[in-house]
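Enquirer: Got a structure for you, written out below as structure tokens; questions coming shortly.
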There are 2 protein chains.
Amino acid sequence: MTFPAHLYRPVGERIGLFVLDGLGGLPHPDHGLTELEAAKTPNMDALSQKSSLGRVQLLPSGMTPGSGPGHLSLFGIDPLELEFGRGLLEALGSDYALEPGQIAARGNFCTIDGEGLVQDRRAGRPTDDECRRLCAKVSEQVSIDGVSVELIPGKQHRFTWIITAADLGAKVNDNDPQVTGKSALPFQGQGAESAVTAAIATQWLEKAQQCLADESVANSALLRGFSTRPHVPGFAEKYHLHAAALAVYPMYRGVARLVGMQPRDAGRGLEDQAAAVKAAIAEDFDFVFVHHKDPDTAGHSGDFAAKVAAIEAFDAALPAFLDSGLDVIAITGDHSTPTIMEEHSWHAVPLLVHSKRALPQPDSTFGERACMNGDVGTIRGPELMPLLLAHANRLDKFGA
Amino acid sequence: MTFPAHLYRPVGERIGLFVLDGLGGLPHPDHGLTELEAAKTPNMDALSQKSSLGRVQLLPSGMTPGSGPGHLSLFGIDPLELEFGRGLLEALGSDYALEPGQIAARGNFCTIDGEGLVQDRRAGRPTDDECRRLCAKVSEQVSIDGVSVELIPGKQHRFTWIITAADLGAKVNDNDPQVTGKSALPFQGQGAESAVTAAIATQWLEKAQQCLADESVANSALLRGFSTRPHVPGFAEKYHLHAAALAVYPMYRGVARLVGMQPRDAGRGLEDQAAAVKAAIAEDFDFVFVHHKDPDTAGHSGDFAAKVAAIEAFDAALPAFLDSGLDVIAITGDHSTPTIMEEHSWHAVPLLVHSKRALPQPDSTFGERACMNGDVGTIRGPELMPLLLAHANRLDKFGA
């Protein structure tokens with residue numbers, strides 16, 4: 001089903017989308033309450049009595065979303081219909097929205113022996129400082145005519161490799177042999193444009209090896225997941241929204257950039273984000289995306305109490321967000337991260353939508369079980385944005 | 001949406017799918033409880049408090065599934081996208097999984113008069129013994145060069161007609177005129193391969209009529225629903241599951257064979273099936289399908305008390321199933337058979353999914369109304385298998 005584009009109104013009320021990363025949880029084995037249910041959240045509970053509740057399923061049945069696909073789904077994009085490679089996700093994770101005409105790949109520093117056989121695919125996991133130094137050295141010493149090459153250092157052996165040149169294709173194989181004791185694979189491109197990319201990668205790798213020849217840490221590199229920027233309609237083009245992203249972590253700013261949001265300084269967390277929302281409203285933004293990472297981090301650590309605390313911290317900040325001039329407030333997650341699983345899961349995430357057009361359930365609180373019986377029901381991720389636009393009086397009626 | 005095949009993990013936990021045939025029901029006019037709600041099911045009720053509940057809709061809104069499509073839908077196949085004829089269903093119903101290169105048709109013994117006009121399309125509904133005798137006689141006396149013909153006797157006038165030969169097509173018309181007093185239609189095939197099938201059917205029918213000329217019961221036959229085996233990915237290929245089917249009735253073994261399950265001796269019912277599940281786990285099967293026919297039979301008879309008893313019998317056997325080493329337990333139906341309707345219906349069937357990753361509702365029981373508000377919501381039949389694989393830790397995350 002394609003949403004009829006003529007229904008989107010150019011004006012309407014202001015929307016705040018608050019994503020508590022990994023919000024959804026599962027019952028604690030002792031007391032049977034989920035993290036959100038166990039948390040003391042007087043502000044969200046009070047708001048839920050003036051809100052429509054429901055749940056969001058980010059991906060089809062049983063599929064567990066990574067953070068990238070989870071956010072894309074919330075932002076109205078079906079992640080399964082979007083072809084993108086690891087390189088794009090790496091670039092986004094570095095707060096780098098790939099531009100049209102650029103190619104990104106995920107890079108690993110590695111070690112090879114005298115015959116070119118890969119010895120360690122991760123070069124012994126160097127420190128982040130070493131990685132930064134190696135990226136800077138290769139960037140400085142390796143140049144290719146007519147091509148701009150950027151290396152963005154990541155954690156340990158990881159970096160993002162980005163090239164800019166005319167008419168490049170991304171259909172290039174990974175050169176990672178996946179096992180040690182074998183040579184890296186030669187780069188080959190499918191079609192003329194990708195053959196150019198493969199030739200650039202080949203040339204870059206030869207020069208990088210020369211540059212790294214005297215290094216004890218790493219003397220070569222592996223590249224995988226060659227990607228271009230996929231065509232994604234932006235929030236302005238698609239929804240007529242002037243959207244700001246307030247995320248502390250680069251990955252989430254990157255995904256927001258991909259859909260045309262403008263990252264704004266989110267400072268160090270919730271308090272700074274509340275001030276930043278007010279500033280964004282004053283700047284005439286009519287959509288703000290606020291990302292709160294801590295519940296997911298605690299979920300991955302299997303720390304129930306820490307996840308409860310991370311949710312309570314958001315609840316404590318909620319009055320400031322409510323006071324910033326937003327008309328529609330949505331609170332949800334990009335996926336579940338139950339602490340008993342210590343990883344992401346497929347379970348639908350709780351959703352609260354507050355507006356003056358909400359259909360609340362009296363005496364409800366904000367929690368997994370309360371949300372199962374709410375007005376919104378269980379919707380797919382890409383169904384959320386139209387719902388928020390409707391609450392913000394930004395959708396025309398369909399038909400007479 | 002095509003489910004990305006790379007997400008399926010080759011290993012994980014063990015899954016048991018328990019299908020209570022015709023499980024779903026409607027309220028009794030006197031007390032307002034459905035069969036499942038009225039049944040005393042302490043074991044399923046206790047399990048539901050450690051399970052995710054929901055409902056399964058086997059076919060699109062309003063469509064009532066037969067047993068074949070109902071099971072195919074549970075097994076992950078959209079029955080509307082699978083082209084198969086009555087002949088295949090008949091073969092499956094005889095516990096006969098059609099092989100590639102074979103053609104099956106549904107056969108009726110019938111009577112014709114001296115001018116070849118059909119007198120009785122069901123030959124006065126002969127006894128099953130008569131049907132077996134006629135099938136044996138025709139099988140013995142009728143032969144066609146280069147073609148193997150098998151007749152599998154069914155109930156009364158029914159048999160399954162299966163031929164094996166090279167390069168056969170199934171685009172052949174039924175010869176049943178549907179009314180008495182008319183001649184059977186000549187067989188015609190669309191395309192060269194189906195023309196060969198039509199010629200074999202014509203030749204077989206002439207010889208069968210000669211063979212039956214001295215019979216008082218039936219002197220001809222009608223064939224309909226010519227079918228080949230459809231391409232269906234097996235459980236091993238698609239889900240990396242080594243799957244066993246424990247069904248007493250041949251129809252359900254046949255459908256299970258079609259998706260690559262291995263039928264195992266299910267004995268005479270629940271007690272034997274519980275022992276067989278344990279044996280299958282010991283044989284390293286990691287998926288078992290257990291079929292319990294009685295609720296459907298009682299529903300067709302309009303016998304509310306008998307359907308309640310059939311459900312209670314399963315509940316009594318549940319502890320033995322729970323004790324057999326399965327990690328994920330799903331209990332559902334292949335369709336509803338409300339006793340007040342005395343036939344299958346389109347109503348979504350209750351679903352219980354127990355695993356250590358479930359999101360239960362406290363104080364819930366297993367019944368139609370409780371399942372309406374469960375974690376799983378209402379899912380389509382083909383969404384069930386990915387959900388069970390997720391609960392069994394057999395699906396990778398999508399994206400980083």
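Every number here is computed from the coordinates shown, using simple stated rules; none is lab data. Only a predicted model underlies this, so the values are computations on that prediction, with no experimental measurement involved. Note that each Cβ is placed from the backbone with ideal geometry, even for glycine, and that neighbours are counted across all protein chains shown.
Enquirer: Other chains' Cβ within 10 Å of B:355-363 residues: what's the mean?
Expert: Counting other chains' Cβ atoms within 10 Å and averaging over B:355-363 gives 4.
Enquirer: Sticking with this one: First measure r as the distance between the Cβ atoms of A:THR164 and B:LEU117, then evaluate 1/(1 + (r/R0)^6) with R0 = 60 Å and state the FRET efficiency to the nearest 0.05.
Expert: Working from the Cβ atoms, E equals 0.15.
Enquirer: Just rank B:THR297, A:THR111, fewest to most, by other beta-carbon atoms within 10 angstrom.
Expert: With the fewest neighbours first, B:THR297, A:THR111 line up as B:THR297, A:THR111.
Enquirer: Oh, and also: At most 14 other Cβ atoms within 10 Å and a DSSP loop assignment: could you name the trypsin sites (Lys or Arg not before Pro) in the stretch B:298-400 that fit?
Expert: B:LYS356
Enquirer: Label A:GLU99 and B:GLU193 with points 7 Å out from Cα along Cα→Cβ: what is the distance between them in nm?
Expert: The answer from the label model is 5.5 nm.
Enquirer: Same structure, new question: In the stretch A:2-72, what trypsin sites (Lys or Arg not before Pro) fall in a loop by DSSP, with at most 15 other Cβ atoms inside 10 Å?
Expert: Loop-located and lightly packed - A:LYS40, A:LYS50.
Enquirer: Something else: FRET efficiency for B:HIS300 and A:ARG9, Cβ-Cβ distance as r, R0 = 45 Å, nearest 0.05?
Expert: With a Förster radius of 45 Å, E is 0.25.
Enquirer: Restricted to Cα positions, what overall size does the protein assembly as shown have along the principal axes? Three whole-Å values, descending.
Expert: Sorted largest first, the three principal extents are 98, 69, 60 Å.
Enquirer: Around B:GLU368, what is the net charge, scoring Lys/Arg as +1 and Asp/Glu as -1 over all other residues with Cβ under 10 Å from its Cβ?
Expert: With Lys, Arg at +1 and Asp, Glu at -1, the neighbours total 0.
Enquirer: Could you work out the mean count of beta carbons from other protein chains within 10 Å of each residue's beta carbon in B:381-393?
Expert: Counting other chains' Cβ atoms within 10 Å and averaging over B:381-393 gives 3.
Enquirer: Only counting other Cβ atoms within 10 Å, I'd like B:ILE152, B:ILE329, B:ILE103, B:ILE281 sorted with the fewest neighbours first.
Expert: B:ILE281, B:ILE152, B:ILE329, B:ILE103
Enquirer: Over chain B, what is the percentage of antiparallel beta bridges among all DSSP beta bridges, to the nearest 5?
Expert: Taking every DSSP beta bridge within chain B, about 60 percent pair in antiparallel fashion.
Enquirer: Now a separate question. Only helical DSSP H runs with n ≥ 4 go in: add -39500 (n - 2.57) per run for chain A, normalise by residue count and round the 222 nm mean residue ellipticity to 500 deg cm²/dmol.
Expert: Here the helix-only value at 222 nm equals -9000 deg cm²/dmol.
Enquirer: Using a 10 Å cut-off around each Cβ of peptide A:78-84, what is the average number of partner chain Cβ atoms that fall inside?
Expert: 2
Enquirer: Anyone know which of B:PRO126, B:PRO65, B:PRO153 comes out most mobile in the 10 Å Cα GNM of chain B?
Expert: With Cα springs under 10 Å in chain B, the top fluctuation among B:PRO126, B:PRO65, B:PRO153 is at B:PRO126.
Enquirer: Give the residue from B:TYR96, B:PRO153, B:GLN119 lying farthest towards the positive end of the charge dipole for the stretch B:88-227; charges sit on Cβ (+1 for Lys and Arg, -1 for Asp and Glu) and the dipole is referred to the Cα centre.
Expert: About the Cα centre, the residue reaching furthest to the positive side is B:GLN119.
Enquirer: Find the centroid of the Cα atoms in the stretch A:70-120 and in the stretch A:265-320, then give the distance between the two in whole Å.
Expert: Centre-to-centre (Cα) distance: 27 Å.
Enquirer: Using +1 at the C-beta of Lys and Arg and -1 at the C-beta of Asp and Glu, which of B:ALA213, B:THR202, B:HIS242 has the Cα lying farthest in the positive direction of the dipole of the stretch B:150-266?
Expert: The one lying farthest along the dipole's positive direction is B:HIS242.
Enquirer: State to the nearest 20 debye the size of the charge dipole of the protein assembly as shown about its Cα centre, where the only charges are +1 on K and R beta carbons and -1 on D and E beta carbons.
Expert: It comes to approximately 620 debye.
Enquirer: Report, in debye and to the nearest 20, how large the dipole of the stretch B:268-377 comes out about its Cα centre when Lys and Arg carry +1 and Asp and Glu carry -1 on their Cβ.
Expert: Dipole of the stretch B:268-377, to the nearest 20 debye: 200 debye.
Enquirer: Roughly how far apart, in whole Å, are the Cα centres of the stretch B:150-221 and the stretch B:22-58?
Expert: 45
Enquirer: Need one number: % antiparallel among DSSP beta bridges in the protein assembly as shown, to the nearest 5.
Expert: The antiparallel fraction comes to roughly 60 percent.
Enquirer: Here's something else I'd like to know. Rank by packing, highest mean first: peptides A:330-340, A:234-244, with packing defined as the count of other Cβ atoms within 10 Å averaged across residues.
Expert: A:330-340, A:234-244
Enquirer: For A:ASP265 and B:LYS50, what does the FRET efficiency come to when R0 = 35 Å and r is the distance between their Cβ atoms, rounded to the nearest 0.05?
Expert: FRET efficiency, A:ASP265 to B:LYS50: 0.15.
Enquirer: Something else about it: Using alpha carbon coordinates only, what is the Rg to Rh ratio of the stretch A:88-227, with Rh defined as the Kirkwood radius?
Expert: Taking Rg over the Kirkwood Rh, I get 0.93.
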